[in-house]
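Visitor: Sharing a structure with you now.
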């Protein structure tokens, strides 16, 4: 029983990481129609920025600087290369962003070496917290609460601000938004930066829990794509639901039937794609326009 | 046989005979030529799918590694007393074709990102199943020390590890490290090239191209697009599985990384750099990338970064690849890679019944 509760909590933490990466993927797809294989690289860059800064200036500095640095990196990438590929077919976008992901991964390997690194949990959160019958690491609980708070902020930006209005309208019909005078390009760039910043912040914050190495981008990106597909490409709540589902599924399978823990999420994705191709909360409308 | 075919075979054979000599002149070794031939076959298989059917798979390592494992398992379990390389390769190829048919019957219903992700998902499943496969697959260690040298031809047994007589190239040095393996691999590559050339010129190839360019229109003309796409997927998987089986026999070992995501990505890179939709593109791309990998990886740790940059440069500046550009088909290739898929009514799912919004969507997308 204790181990099951712990697995559920671990699944929540893992799932929230997936949610955060998947939300970035999904809002970028929704607004820019860009399928971004390089999104995992944002997580990795954030993790390494965090690694460097946390050692020198403390964890707080890392959490502030990582999303800003990653957002700047994303905007640069967007202006330099990606913008030429908006509106191109999905295949070209997949190829290009795959190439970018390879280059970023190798650049990180060159700068920081290929070894797996980890930075320590701050003293204040080093202990564990009594949660019913089990003791759970305090940092993980704080991490989960922090991610939930961040997701709420993102959701409020999308739902309650004018930018969010343009973004949501753009997901529906970008031509109409432009006809009505909405600056969808600027909104899109902001969305791209926000998506990247989320991934960068999560990368920095998750690194005391999951270690950092240059391949970490891909290893979180692939399950996050599973999450996006399961939840529905372009849907915020789909990403949330899919992320928690996949995180829990993976974590609980590790306890119940370990050999299947890596296979089960792909099985889940294959089933969803076949039975409900638009994803659990996806709208077929969005897919048809993609 | 047509005169064009004869000319194609003769010139290609001359090229393949000269290839290890040229490779030697630029510092490659004999085994590298063999590896390039075998990997080229896999990349050609991948190109059948991407280039001719317009479907981007991120999971072709499942066929490549799968073919390797099947050949090894056949040799070790099914015929330990009388190993026969032909039967092992044939069995592995047929089995990967069956695997591709089974997986394809599910995946070809999807397009674009969904197709790419679903193939990736299946490849990951195969990877983890093989990794957990215990004694049958050897788990993390893979399989090794299966008989792999003797190729029976008629009453004889050819030892593929026997050396080819040294070839003196005067000032360029002497090629003395070639094995009969190269001759075998080069003949195989020659036949595969001939087969793909015939395939693309056949009615099947034409219909596939029509479906790639405009699936809806080809449906109206009366072609069953799903069947053609499935056939392309199976042929592609079988060719890649065949190459995987060859590679396992050449190495005398199979490891789980032959099923990995990096392997899948490598076929994408080879094909894009060389040229999609060209017969020789995958071969040229494989030769360049694998050669650079071997030469540069010893010299500089920057190698993988350079590989990634070459790949990005190819996508941005040479979308029809080296062969496509040199062959004066730049425009056609560009249209194929960037334009054709845009005209499809739905990237996500099969075209819905009823009026498709394709025509209205095209200008919207270009405005983005």
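The values are calculated or read from the model by the stated rules, or taken from the named source; none is laboratory data. These numbers were taken from a predicted model, which means no experiment stands behind them. No Cβ is skipped: glycine too gets one built from the backbone with ideal geometry, and neighbour counts run over all protein chains shown.
Visitor: Quick check on residue B:115: is it under 19 Å from residue A:266 (Cβ atoms), free of Cβ contacts under 8 Å to residues at least 24 places away in the same chain and in a helix (DSSP H, G or I)?
Guide: Spelling it out, it is not the case that residue B:115 is under 19 Å from residue A:266 (Cβ atoms), free of Cβ contacts under 8 Å to residues at least 24 places away in the same chain and in a helix (DSSP H, G or I).
Visitor: If residue B:91 satisfies all but one of (1) within 14 Å of chain A (Cβ to nearest Cβ); (2) in contact with a helix residue (DSSP H, G or I) (Cβ under 6 Å, 6 or more places away or on another chain); (3) at pLDDT 90 or above, what's the number of the condition it fails?
Guide: Of the numbered conditions (1) within 14 Å of chain A (Cβ to nearest Cβ); (2) in contact with a helix residue (DSSP H, G or I) (Cβ under 6 Å, 6 or more places away or on another chain); (3) at pLDDT 90 or above, the odd one out for residue B:91 is (1).
Visitor: Which of the residues belonging to the range A:74-96 are more than 7 Å from chain B (Cβ to nearest Cβ) and either within 19 Å of the chain's Cα centre (by Cα) or surrounded by fewer than 17 Cβ atoms within 10 Å (Cβ to Cβ) (or both)?
Guide: Once the filter is applied, which keeps residues that are more than 7 Å from chain B (Cβ to nearest Cβ) and either within 19 Å of the chain's Cα centre (by Cα) or surrounded by fewer than 17 Cβ atoms within 10 Å (Cβ to Cβ) (or both), the range A:74-96 yields A:74, A:75, A:76, A:77, A:78, A:79, A:80, A:82, A:84, A:93.
Visitor: For residue A:114, which of the numbered conditions (1) at pLDDT below 90; (2) part of a helix (DSSP H, G or I); (3) within 14 Å of chain B (Cβ to nearest Cβ) fails to hold?
Guide: All conditions pass for residue A:114, except number (2).
Visitor: Considering only residues that are within 14 Å of chain A (Cβ to nearest Cβ) and part of a loop (DSSP other than H, G, I, E, B), look in the range B:136-174 and name the one that is farthest from residue B:77 (Cα to Cα).
Guide: As a first pass, look at the range B:136-174 and keep what is within 14 Å of chain A (Cβ to nearest Cβ): B:136-137, B:139-140.
Of the ones still in play, those that are also part of a loop (DSSP other than H, G, I, E, B) are B:136-137.
On the way: B:136: 9, B:137: 11 Å.
Once the filter is applied, the top-ranked residue is B:137.
Visitor: Residue check, residue B:49 against (1) more than 9 Å from every other protein chain (Cβ to nearest Cβ); (2) at pLDDT below 90, all met but one. Which one?
Guide: Against the list (1) more than 9 Å from every other protein chain (Cβ to nearest Cβ); (2) at pLDDT below 90, residue B:49 comes up short only on (2).
Visitor: While we're looking at this one, here's another question. Inside the range A:185-230, can you point out the residues that are in contact with a helix residue (DSSP H, G or I) (Cβ under 7 Å, 6 or more places away or on another chain), facing another protein chain (nearest Cβ under 10 Å) and more than 14 Å from residue A:43 (Cα to Cα)?
Guide: Listed by number, the residues that qualify are A:188, A:226, A:228, A:229.
Visitor: Can you confirm whether residue B:120 is within 14 Å of chain A (Cβ to nearest Cβ) and modelled with pLDDT under 90?
Guide: Answer is no for this residue.
Visitor: Conditions first: (1) at pLDDT 85 or above; (2) under 30 Å from residue A:131 (Cα atoms); (3) surrounded by fewer than 24 Cβ atoms within 10 Å (Cβ to Cβ); (4) out of contact with any strand residue (DSSP E or B) (no Cβ under 7 Å at 6 or more places or on another chain). Residue A:52 passes all but one, so which condition is the exception?
Guide: In the conditions (1) at pLDDT 85 or above; (2) under 30 Å from residue A:131 (Cα atoms); (3) surrounded by fewer than 24 Cβ atoms within 10 Å (Cβ to Cβ); (4) out of contact with any strand residue (DSSP E or B) (no Cβ under 7 Å at 6 or more places or on another chain), residue A:52 misses (2) alone.
Visitor: Is it the case that some residue within the range A:246-259 is at pLDDT 85 or above and facing chain B (nearest Cβ under 7 Å)?
Guide: Scanning the range A:246-259 turns up no residue that is at pLDDT 85 or above and facing chain B (nearest Cβ under 7 Å).
Visitor: Let me ask another. If residue A:278 passes every condition in (1) within 25 Å of residue A:158 (Cβ to Cβ); (2) within 13 Å of chain B (Cβ to nearest Cβ); (3) not in a loop (DSSP other than H, G, I, E, B) but one, which one does it miss?
Guide: Answer for residue A:278: the failing condition is (3).
Visitor: Among the numbered criteria (1) more than 14 Å from every other protein chain (Cβ to nearest Cβ); (2) under 14 Å from the mean Cα position of the chain (by Cα), which single criterion is violated by residue B:55?
Guide: Among (1) more than 14 Å from every other protein chain (Cβ to nearest Cβ); (2) under 14 Å from the mean Cα position of the chain (by Cα), the lone unmet condition for residue B:55 is (1).
Visitor: State which residue is surrounded by the fewest Cβ atoms within 10 Å (Cβ to Cβ) when the search covers only the range B:100-112 and only residues that are at the interface with chain A (Cβ under 10 Å from one of its Cβ atoms) and part of a helix (DSSP H, G or I).
Guide: B:106
Matching residues to (1) over 30 Å from residue B:95 (Cα atoms); (2) crowded, with 23+ Cβ neighbours inside 10 Å; (3) within 14 Å of chain A (Cβ to nearest Cβ); (4) at pLDDT below 90:
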{"site": "B:208", "(1), (2), (3), (4)": "no, yes, no, no"}
{"site": "B:217", "(1), (2), (3), (4)": "yes, no, no, yes"}
{"site": "B:221", "(1), (2), (3), (4)": "yes, no, no, yes"}
{"site": "B:232", "(1), (2), (3), (4)": "no, yes, no, no"}
{"site": "B:237", "(1), (2), (3), (4)": "no, yes, no, no"}
{"site": "B:259", "(1), (2), (3), (4)": "no, yes, yes, no"}
{"site": "B:286", "(1), (2), (3), (4)": "no, yes, no, no"}
{"site": "B:311", "(1), (2), (3), (4)": "yes, yes, yes, no"}
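Visitor: Quick one: which helices (runs of 4 or more DSSP H) sit completely within the range B:180-238 and have at least 1 residues that are touching a strand residue (DSSP E or B) at 6+ places or on another chain (Cβ under 8 Å)? Explain how you work it out, then say what you get.
Guide: Values: elements: B:180-201, B:203-213, B:215-221.
In the range B:180-238, B:180-201 are the helices (runs of 4 or more DSSP H) which contain 1 or more residues that are touching a strand residue (DSSP E or B) at 6+ places or on another chain (Cβ under 8 Å).
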